Amino acid sequence: MIISKKKAMAGILAALEGKKTVYLFGCNSCAQQCQTGGEAELKEMTATLESHGLRVLGSSLVPETCYRQHVLKEYRKVEAIGKADAVLVLACGAGARTVADAADESQPVLPANDSIFLATVERQGRFFEGCSLCGECVLIETGGICPHTECPKGLLNGPCGGVAGGKCEVNVENDCAWVRIYRRLKKQGRLHLMMKIAPPKDHSIGVRPRNVILRNPAGAAGAGRKKTGD
Ligand code: SF4
Ligand code: SF4
């Protein structure tokens, strides 16, 4: 899940300066769970913009704003979207990007949120960053704990000299990621992995933008059927 937080309203209002009408997009997935782009936040944003003299032409709460087909469907269905002076997106950056590509290039599309990290949902309203999408997963050798993300220094070959009493010297409240890796590997009888030297991270794998094109995506005609040749 992508975690987002609301931008300061002053910045949003400054970006909307000179505009008279706005259309809002929310996201009924991650942003809804982060309380940054669900129904309540769309209502709240509508009231705030209107109290500042802007006319909100409407809002769309799509299942996932990062899904281009959902956004394009709204643009086709709701004439008011194309007529708005600007569109404000209460979703993550991927959602704002998707709306920006669906809009006519002359229509400004503005993000209402900042995207922060990819999260594990520990429970409702409690999120934890355990993966930073490096593109070359090492969890296979680290007991399922990510040193790339959970060690603030991103150390891949054991702890730094700052670990004290099992705690991290950077985030003193947290256990050192490498102490946790050690404990877990020990319980798994895989401590020999601690002796393995990880090669330098290949950052070329993470060169952006990245894309993936599946040859047989789920839901497409024929998906899941065995290919007989091509
Ligand atoms: S090593 Fe860490 S950052 Fe990289 S893919 Fe695995 S969990 Fe994510
Ligand atoms: S104490 Fe552990 S988690 Fe903290 S920076 Fe050093 S190695 Fe990383």
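The values are calculated or read from the model by the stated rules, or taken from the named source; none is laboratory data. Here the structure is a predicted model, which is why all the values come from computation and not from measurement. Reconstructed Cβ throughout: ideal geometry from the backbone, glycine too, with neighbour counts over all protein chains shown.
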Considering segment 187-205, residues that are in contact with a helix residue (DSSP H, G or I) (Cβ under 9 Å, 6 or more places away or on another chain) and basic (Lys, Arg), and then whichever is nearest to Asn157 (Cα to Cα), we arrive at Lys196
Please work out if Gly189 is part of a loop (DSSP other than H, G, I, E, B), outside the structural domain of Cys30 (by TED's automatic domain parsing), modelled with pLDDT of 95 or more and away from ligand 2 (no atom under 14 Å from the Cβ). yes
Taking segment 79-118 and the residues there that are touching a residue at least 40 places away in the same chain (Cβ under 8 Å) and of a type in the set (Val, Ile, Thr), the one that is nearest to ligand 1 (Cβ to nearest atom) would be Ile116
Can you confirm whether segment 119-131 contains a residue that is among the polar types (S, T, N, Q), within 12 Å of ligand 1 (Cβ to nearest atom) and surrounded by 14 or more Cβ atoms within 10 Å (Cβ to Cβ)? no
inquiry  = Kindly evaluate Thr98 against the criterion of being β-branched (Val, Ile, Thr), in a loop (DSSP other than H, G, I, E, B) and either modelled with pLDDT under 95 or crowded, with 23+ Cβ neighbours inside 10 Å (or both).
reply    = no
Reported set for segment 123-173 where residues are within 11 Å of ligand 2 (Cβ to nearest atom), of a type in the set (A, V, I, L, M) and either at pLDDT below 95 or assigned to a loop (DSSP other than H, G, I, E, B) (or both) is Ile145, Leu155, Leu156, Val163, Val170, Val172
Exception for Met194 within (1) in a helix (DSSP H, G or I); (2) touching a Cys at 6+ places or on another chain (Cβ under 9 Å); (3) aliphatic (A, V, I, L, M) falls at (2)
Considering segment 202-230, residues that are surrounded by 10 or more Cβ atoms within 10 Å (Cβ to Cβ) and more than 24 Å from Gly93 (Cβ to Cβ), and then whichever is modelled with the highest pLDDT, we arrive at Asp202
